[in-house]
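Shown next, in C-alpha cells, is the structure this report addresses.
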Amino acid sequence: MKKTSIQIETIINLLREGKPLPEEYRWLLFEGKQETELIYAGKTRDVDVLTETMAVPLQKVKVFGDVKDEEWHNMLIFGDNLQVLKTLLKMKEEGKLKNADGTKGVRLIYIDPPFATKQEFMAKNGEKAYQDKIIGAQFLEWLRKRLILLRELLSDDGSIYVHLDWKMGHYVKVLMDEVFRNNFLGEIVVGRIKKSDKNVKFFNTAIDSLYVYSKRADIWVFHPVAFKILKKGYWHSLDAPGEGEARIFFGKLISPPPGRHWMWDQKRIDEAIEKGILRLNPRTGKPEYWVEPEREQYLDSNWTDISAYSFTTGFPTEKSEPLLERIIKASSNEGDIVLDAFAGSGTTGAVAEKLGRRWIMIDSSKFAIYTMIKRMLNLKEKIGNKGKPLKPRPFAVYNAGLYDMKILKKLPFREYRKFALELFQCKDEPHTLAGIELDGYLGQDHVYVFRWKKNGNGKTEYVMDRGFIDNLHSILGNRIGKRFFIIAPAASVMFLEDYIEKDGIRYYVLRIPYSVIDELHKKNSKALKQPTADMNVNDVMEQVGFDFIYPPDVECEYYIEDRGGQMELGKENKEAVIRIKGFRSNIISKKPIPEEELGLKSLSMVMIDYDYNGEYFDMDDKWFASDLEKNNYEIRFPVEKLTDRMMIIYMDVFGNERKEIKGKKDFKLKRK
C-alpha cells in the first residue's frame, strides 16, 4: 500500500521522539506479510536462528550395554537443548541421524516445554503492568528458536506433538502455525489430575492440549490407534418393533413379546447358543445375548479417559506411559527415532524402548538425567511399568556444553583434535601451510590444534610460551590474514592474554578449559543453572557457549546420632546424619562472581546411592538446597540404609559435582 506524505512524516516524527506507532501504522509498514504471525519484541529471523546457534560437541561420559560409535545407540544428553539440537542437526546433515529404514531425520518429536515466570525471564525494567507481556514474549522467542531447529530435525514425513496447558497454549498454537507453515494436523485434549476445590474463583482446569503438526503438508506417518473401552457387561434383548414369528430357544418354541419380532433368524440363534453368546437372562428368564465388557474402538482427539500425568519416579510433572504409548504408536514405526528435548523423568524414552523405537532424550537438569538413568535401568515390559523386567538396548549418556576434563585428557590425539575443533565451531579441514600441518578454519582464518609431546620419562610436556608464537609468526606471518587461531590446553599456555599481536596479525589462543572469548562469539558465556528446589526443576534455562566441570569443595561431618530411649516397635532411636559444614563452588568465570554467591548459596542439591555398585550412580534419595537450608544443612536418613559402599553427590547450581564414596565405618556414633 502506498503511503501518503503525511503518513511518512508522522512515522518519522514518532520514531525520532521514541514514541510507539499507532496500531493502524503497523499494517502500513508490514503489508507484505501474508500469513499468520505473532509480532513481539526481540523476534529473530529463522535464518539467524539456524546459522548463529552454537553447536557443541557431545562428550560420552557413560555407556550402558555394548555401545559402538559407528552403530546406532540410544542417547541421553545433558545440556541446553538449543545447542544440542544444532549438534543433532549437523549429525542429520552428515547422515548420522537415521531411522531403521534409512530415512534421514527424526520421525517423531514429543515435547512438554516448561513456562517459567522468574529468573532468566523476569522483567528487569519497565512498568509492572507490562511485566507479564514481556515475560511471555521472551518465553515465546525462547521456545520458537527450539521449534525452528526441531522442524529441521524432522524427517520429511515426521511430526511433532507439543504438550501445553491453558496458560500459553493459544499463543504457542499461533507460533507453531508460523514455524510449521500451517501444517496443523489437529488438537488433542488429554485429562489432567482431577481436582475438586470449592474455593476456586473459576472452574478447576481439567485438560491439557497436544498441538500436532507435520513437517510437510502432503505426507506424514500415522496409524489409527485402537483401544479398549472397559465397561460393565450387559444383557441385550433380541426383540425389535414389528410383528414376528416364534423361534426355538434352548429346545422351546418361544414367541416374541406382543408387537415385537426376533431380530435373528433360527440359524444365527443356534450358532449363538452353541458359542455361549445367547443365554437365558437369569434375572428375567428371557433369551438375551451377553455383551462382553471390552469393546475395541479407534482413538479420536478426546483423550480425557487417561491422565497426562503419573507419579512413579518422584519427578515433578512426570508424564504417563499410556499418553506416550498412544503418541508413539500413532506417529512412528518400529525402528524410528523418537526425540524428547525436555525429557524430564524419561517417559518418552521408556515407552519408546518398550515399543521398539530408537530414542534421544535431552534435559538441562542433572537431577533429570539421574532420574532417567534409574528409570531406564529398571524398566518393566508393559506400559505402566508392569510385568517382567526389560533390559534396555545399548544407550550412552553424553555431556553437551559442560565437559569433564579428566575424560578429555585420556582421549587419543585424533579424538581430542576432533572434539577441540567442534568445541570452537571450526571446520575440520586439515591442510599444510609452509610445512606446518594445520587443522581447519574458523570462518576464513586458519586453525591449529596444539600438539603435545612426550619427554624422556614418557610424561606429557606442554610448552606454549611467547617464543612459540614468535617461531610460528616467523614461518607463517606473510602467508596468513589478520587472525590465526590456536586451540590449546590452558595449562600449556604460559601467558594470560587472549591473543598476541605480531605485525598487525593477532594470534588468538582458544584455551581448553576456558569460557568462550567475547570477540569470538559476540556474547558472554552463560552456564546452565541447576534447581535449588523441586518446584524449580522445570524452570526455563539457557546456556551460551560451553564450560568444563570444576568440582566444588565440600566439608562434611558424618555421624550416627543416638538420641537415647526406644522408638515404637522396639527400634533404637538412631539416625544417620551428614552435616554440611562448608561448601564452595569453584566455577571459573570471566566476569567475577561475588564470593557470597560461591558459598552455600551455590549449592543445588545432594543425592545418594545407598548401595553403589562401582559402575554407575543409581539415585536412591535426594535433597534440594531449599530443604537443606530449612534443616540447618543436615541430611538425615534411617541408620538401616547405611551400607559399606555409598556414593554421595554434592552438586552446585552450575552442574558441577563432587562425588564421594562413604561407608558405615565413616559414620561415628554420637550421643545427643
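Just so you know, all these numbers are worked out from the coordinates, no wet-lab data involved. Just so it is clear, the model here is predicted, and its values are computed rather than measured. FYI the Cβ positions are ideal-geometry reconstructions off the backbone, even for glycines, and counts take in every protein chain you see.
Numbers for the structure displayed
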read-out: Between 0 and 90°, nearest 10: helix 366-376 axis offset from the chain longest Cα axis; value: 50
read-out: Label-reachable residues, the stretch 287-330, where backbone N falls under 19 Å from a point 7 Å from Asp621's Cα toward its Cβ; value: 313-315
read-out: Percentage of interatomic Cα-Cα distances in the stretch 234-291 larger than 12 Å; value: 64
read-out: Chymotrypsin sites (Phe, Trp or Tyr not before Pro) lying in DSSP loop within the stretch 209-240, provided at most 14 other Cβ fall within 10 Å; value: Phe222
read-out: The stretch 234-291 - percent relative contact order, Cα under 8 Å, separation 6 or more; value: 39
read-out: Acute angle (nearest 10 degrees) that the helix 321-331 long axis makes with the longest principal axis of the chain, alpha-carbon atoms; value: 90
read-out: Acute angle (nearest 10 degrees) that the helix 5-16 long axis makes with the longest principal axis of the chain, alpha-carbon atoms; value: 60
read-out: FRET efficiency, Lys630 to Thr317 (Cβ-Cβ, R0 30 Å, nearest 0.05); value: 0.85
read-out: Relative contact order (%) - criterion: Cα under 8 Å, at least six apart; region: the stretch 550-671; value: 32
read-out: Computed over the chain: relative contact order in percent, which uses C-alpha pairs under 8 Å that are six or more apart; value: 13
read-out: Helix-only mean residue ellipticity at 222 nm for the chain, each DSSP H run of n ≥ 4 adding -39500 (n - 2.57), per residue, nearest 500; value: -6500 deg cm²/dmol
read-out: In Hz, Karplus ³J(HN,Hα) per residue of the stretch 401-411 (6.51, -1.76, 1.60; θ = phi - 60°; x = Gly, Pro); value: x, 9, 10, 9, 5, 4, 5, 4, 5, 7, 6
read-out: Selected from Ser5, Leu185, Asn632, residue furthest toward positive end of dipole (the chain; charges at beta carbon); value: Asn632
read-out: Gain in span if fully extended, Asp48 to Ser196, counting 0.36 nm per residue against the direct Cα distance; value: 48.6 nm
read-out: The chain: Rg to Rh, with Rh as the Kirkwood radius over Cα pairs; value: 1.07
read-out: Point-charge dipole on Cβ atoms (K/R +1, D/E -1) for the chain, about Cα centre, debye to 20; value: 880
